[in-house]
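Report on the structure given below.
Any read-out appearing in this document is the output of simple, stated calculations on the displayed coordinates, not a laboratory observation. Predicted model, so just to flag it, every value in this text is computed and none were measured. Don't worry about glycine lacking a Cβ; one is built from the backbone with ideal geometry, like all the others, and counts go over all protein chains shown.
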Amino acid sequence: MGFDDLVNKGKEAYEDNKDKIDDALHSEKAEEISDSVLDKGEELADKVGLGDKAGDIRENLDDKIGNE
């Protein structure tokens, strides 16, 4: 099985389950996990000097994952 076959199988799996995937991405559990990961990522970005950009990036990603 080649790379293109794997990509096509992934696309098919996504299409077959996109409602379940969407529900999972917008669940309370996803919100909890994403908040934890994004908080740590923002702290790291602050340490390397991204400043305000770190908060902007975190906010943008947080809007796309979870239910809040």
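Here are a few things to note about the model shown:
- Taking the criterion of being surrounded by 12 or more Cβ atoms within 10 Å (Cβ to Cβ), outside any helix (DSSP H, G or I) and free of Cβ contacts under 8 Å to residues at least 24 places away in the same chain, the only residue of segment 12-68 that qualifies is Leu50.
- Of all residues making up segment 1-11, the number that are more than 24 Å from Leu61 (Cα to Cα) and not in a loop (DSSP other than H, G, I, E, B): 7
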